[in-house]
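Novice: This is the structure, below, for whatever I ask next.
The values are calculated or read from the model by the stated rules, or taken from the named source; none is laboratory data. Note that the structure is a prediction, hence the values are computed from the model and not measured. All Cβ positions, glycine included, derive from the backbone under ideal geometry; neighbour counts span all protein chains shown.
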Amino acid sequence: MPFGAEYLGDERTRFRIWAPAVQRLALELRSGGAERTLAMTRTPAGWFECIADAAPGAAYRYRLPGGQAVPDPASRYSPEDVHGHAEVVDPAQYEWRDGAWRGRPWHETVIYEMHVGTTTAEGTYAALERKLAGLAALGVTALQLMPLADFPGARNWGYDGVLPYAPDASYGTPDELKRFIDTAHTLGLMVFIDVVYNHFGPEGNYLALYAPQFFTGRHHTPWGAAINYDDSDSQTVRDFFIHNALYWLEEFHVDGLRLDAVHAILDDSPRHFLVELAERVRNGPGRERHVHLVLENDANRAALLERGADGRARWYDAQWNDDWHHCFHVLLTGERDGYYADYAQDTTQLLARCLAEGYVYQGQHSAHRNGRTRGEPSGQLPPTAFISFLQNHDQVGNRAHGERIARLARPEALRAAVCAWLLTPQIPLLFMGEELGTDTPFLFFCDFHDDLARAVRDGRRNEFAGFANFASEEDRARIPDPGAQETFQRSKLQQAGDAAHREWHALYARLLSLRRQHVMPLLAVLRGGSGRAQVHGDGAVSAVWSVDGEPRLEMRMNLSAEAVRDVPRPVGRMLHVEPPAAAPLLARGELPPYCAAVHLSGNPA
C-alpha cells in the first residue's frame, strides 16, 4: 500500500504521506515511553517518507512547517480519534481461519444492513459477532456494515468519516473486526462494507492544509468542493481511494463494497473513477473469489450495471433501487411529501415498471429534482442488478422521528408486501431488526460539539420545513437533536421477544427458506428482459419472470382495501400466499384485500 505506515518487521516501519503543498514535514513518534521527532525525505512529486524503529502499537502523527500536528490520512487505526495519534498496525498479526472461503455467487445474496454501534447494546464487533449464527439461521447470506471509517466522537452513522482506512475505535480494534469477519465466513455469511468516496466529514479532515489537490473547484457537491477525480494531480487522489477499496477487500477479507452516493463522485475524465475502481477490483481480488460491488446512485446509471456475455457483471453487480422502495412506501403509507411526490401519480403502474424493468426513472423528468431528467433504460438488465428493500438506514433515519415501516403501515398490508418482496427476483436488503417487526426508531445521530453541533441540529430541523407535519417552528423543535446522547440511545435496537416479534421472525424465516430453495436457483438463469407486469387496479399488480420465453415465477399482490376480480389465474405450484385464507380466492381469479401470492413453474435447473 503506497499510503500510510507499513510495518516491515523487526520493529521497523516505513511512514509515507503525500503532502505536495509543503516543503518540509516531520514524523512525531511515541514508542516505549519515549517521544522522537524525525525529519522526512521529500520527493519531487510531493511524497514524504522515512523508515524508523517502530513496532506495532507505536503512536505517530505528522508535524507541518507551521507547527500544526496532523493525523495520518491513511491510518490503519486511530484509538485517539480523528485529531490524535495513529497507531502502527501489523496486518499480518491476525491468524485467519477462512482459507477455504471463496465467497458466494451474487444470485445467492440476501443482505442484512446493520450499524455496529446500535445493533447491540454494547455497540461492538465482539457483541455483533454473537448475533451471526441467528442471522445465518434466518436465511441472511450477506451482512452490510454501515461505514466504519474513523469519524469524530463516539457515535455517528459513519458518513462523516475522515480517516477512510481506520476502522473506528469505538467499535473495537482492527483484529476484532477481522475476527467478526472470520466468524461470519465460517457460517457462510459474506460481509460487505459501506464506503464513502464522495466527501469527507466536516470535522477532522486536515488534507487541505498540506494536500489541497485532494479537492477541486471544477465541481461542487452538497458537502462543498468536490474530491478531485479529474483535475491536476488527480491520479494520486484516485489511487488513494482505489487502494482503500483493495485494502478492505484484501486486508480484511471483506466480500464486497457498497459505494455511497456515487452520483456525487464527479469525474469528466475519459475513464471514470468508478470504472477504474471496478476494473482494479475485478482484475485483483475478484479474479480469485467472489467479490461484489454495489452502488447507491440517484442518477440511475444503468450502464454501470452492464453484464457480459456470460451474464456476469462487467463493473457493478447491482444498485440500491430507491424507485422500488418509494413505490411500495406510497402504497403502504399514503405519504406523498418530499421525493414521494414523484411516485404519487399512477403509483401501481410505476411499481409494475419496477417489477418488470428495474428503474421507474429511465430518462423521465423528475418534478422533485426541478424537472431534471433522471436515469437510463434498464429493461435489458437482469432483476439481480437491483437491490430492493422496504426500509434501510436512509429511508428510516432520514425521517424526522426515525419511524420504521411497521409503525406506518397496516400489518396485513405489510405482510403481503414482505411476501411479494422476498420471493421476487431482485436482491433483497433487510434493515436491522425488521425481521422482528421492531418499532425501535433509527434516528440521525452524531457527536459534534459547539458551533458545528448547533449547525447540524438547526440544519436538520430546517430540512423538514417544507413538510406539512413540520410547518411550524414548534413541530420542528420536537425533532430529536442529532448530537444528544439520548438520540443515539433511542436508536439502539431493542431485542424484545414478544409474540408479535416471533410471528414476524417466523414469516421472514419461512420466506427466506423458500427463496433459498426455489427462487435462488432460478436467479442464476434469469436474464435481462425476462420480466413483465400488469396492473389490475389501484394497488393491485401481477408480474411474471420467464426463462427462454417460458413463465417460471409469478407474483400477484393487492395492497388496497378493495378486492380485485377477473385477474388471470396463476399457473404452477404455490410457494406462499399471504394470508393463507386468500388461496381459494386466487384460484378463482380474485385478489382479496391485502394479499400476495407467488407461484413457481417448471424446473429452474
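Novice: When you scan the range 431-448, do you find a residue that is part of a helix (DSSP H, G or I), surrounded by fewer than 22 Cβ atoms within 10 Å (Cβ to Cβ) and of a type outside the set (Ser, Thr, Tyr), even just one?
Specialist: Within the range 431-448, not a single residue is part of a helix (DSSP H, G or I), surrounded by fewer than 22 Cβ atoms within 10 Å (Cβ to Cβ) and of a type outside the set (Ser, Thr, Tyr).
Novice: So, one more: Mind listing whichever residues of the range 32-74 are assigned to a loop (DSSP other than H, G, I, E, B) and hydrophobic (A, V, I, L, M, F, W, C)?
Specialist: Those that are assigned to a loop (DSSP other than H, G, I, E, B) and hydrophobic (A, V, I, L, M, F, W, C): Met40, Ala45, Ala54, Ala55, Ala58, Leu64, Ala74.
Novice: Considering only the range 583-595, state which residues are touching a Leu at 6+ places or on another chain (Cβ under 8 Å) and on the phi < 0 side of the Ramachandran plot.
Specialist: Across the range 583-595, the qualifying residues are Leu585, Leu591, Pro592, Cys595.
Novice: With a cut-off of at least 2 residues that are over 23 Å from Phe445 (Cβ atoms) and outside the structural domain of Ile181 (by TED's automatic domain parsing), name the strands (runs of 3 or more DSSP E) lying wholly within the range 79-167.
Specialist: Of the strands (runs of 3 or more DSSP E) lying wholly inside the range 79-167, none has at least 2 residues that are over 23 Å from Phe445 (Cβ atoms) and outside the structural domain of Ile181 (by TED's automatic domain parsing).
Novice: Collect the residues in the range 575-605 that are surrounded by fewer than 17 Cβ atoms within 10 Å (Cβ to Cβ), among the aliphatic types (A, V, I, L, M) and under 33 Å from the mean Cα position of the chain (by Cα), keeping them in residue-number order.
Specialist: Ala605
Novice: Something else about it: Return the residues of the range 280-305 that are farther than 19 Å from Asn198 by Cα and either in contact (Cβ under 8 Å) with a residue 40 or more places away in the chain or in a helix (DSSP H, G or I) (or both); say none if nothing qualifies.
Specialist: The answer is Arg282, Pro285, Gly286, Arg287, Glu288, Arg289, His290, Val291, His292, Ala302, Ala303, Leu305.
Novice: Determine if the range 298-319 includes at least one residue that is acidic (Asp, Glu), within 30 Å of Leu523 (Cα to Cα) and surrounded by 22 or more Cβ atoms within 10 Å (Cβ to Cβ).
Specialist: The answer is yes, given that some residue of the range 298-319 is acidic (Asp, Glu), within 30 Å of Leu523 (Cα to Cα) and surrounded by 22 or more Cβ atoms within 10 Å (Cβ to Cβ).
Novice: Another question about this same structure. Which of the residues that make up the range 243-276 are over 17 Å from the mean Cα position of the chain (by Cα) and within 26 Å of Asp322 (Cα to Cα)?
Specialist: Within the range 243-276, Leu266, Asp267, Asp268, His272, Phe273, Val275, Glu276 meet the criteria.
Novice: Which condition does Gln489 not pass, out of (1) surrounded by fewer than 16 Cβ atoms within 10 Å (Cβ to Cβ); (2) closer than 30 Å to Arg104 by Cβ; (3) modelled with pLDDT of 95 or more, if it passes all the others?
Specialist: Evaluating Gln489 over (1) surrounded by fewer than 16 Cβ atoms within 10 Å (Cβ to Cβ); (2) closer than 30 Å to Arg104 by Cβ; (3) modelled with pLDDT of 95 or more leaves (2) as the failure.
Novice: So, one more: Run down Thr13, Thr41 and say which single residue is surrounded by 13 or more Cβ atoms within 10 Å (Cβ to Cβ), out of contact with any Leu (no Cβ under 7 Å at 6 or more places or on another chain) and assigned by TED's automatic domain parsing to the domain that holds Pro56.
Specialist: That would be Thr13, the only listed residue that is surrounded by 13 or more Cβ atoms within 10 Å (Cβ to Cβ), out of contact with any Leu (no Cβ under 7 Å at 6 or more places or on another chain) and assigned by TED's automatic domain parsing to the domain that holds Pro56.
Novice: Scan the range 561-575 for residues that are part of a strand (DSSP E or B) and either farther than 17 Å from Val598 by Cβ or among the aliphatic types (A, V, I, L, M) (or both) and jot them down.
Specialist: Val564, Met574, Leu575, listed by residue number.
Novice: Condition first: touching a residue at least 24 places away in the same chain (Cβ under 8 Å), of a type in the set (Asp, Glu) and outside any helix (DSSP H, G or I). Can you find one or more residues in the range 352-369 that meet it?
Specialist: No.
Novice: Identify the single condition in (1) over 20 Å from His85 (Cβ atoms); (2) aromatic (Phe, Trp, Tyr); (3) touching a Phe, Trp or Tyr at 6+ places or on another chain (Cβ under 6 Å) that Trp223 does not satisfy, given that it satisfies every other one.
Specialist: With (1) over 20 Å from His85 (Cβ atoms); (2) aromatic (Phe, Trp, Tyr); (3) touching a Phe, Trp or Tyr at 6+ places or on another chain (Cβ under 6 Å) applied to Trp223, the lone miss is (3).
Novice: Limited to the range 44-72, what total is found for residues that are farther than 12 Å from His85 by Cβ, surrounded by 16 or more Cβ atoms within 10 Å (Cβ to Cβ) and among the β-branched types (Val, Ile, Thr)?
Specialist: Of the residues in the range 44-72, 0 are farther than 12 Å from His85 by Cβ, surrounded by 16 or more Cβ atoms within 10 Å (Cβ to Cβ) and among the β-branched types (Val, Ile, Thr).
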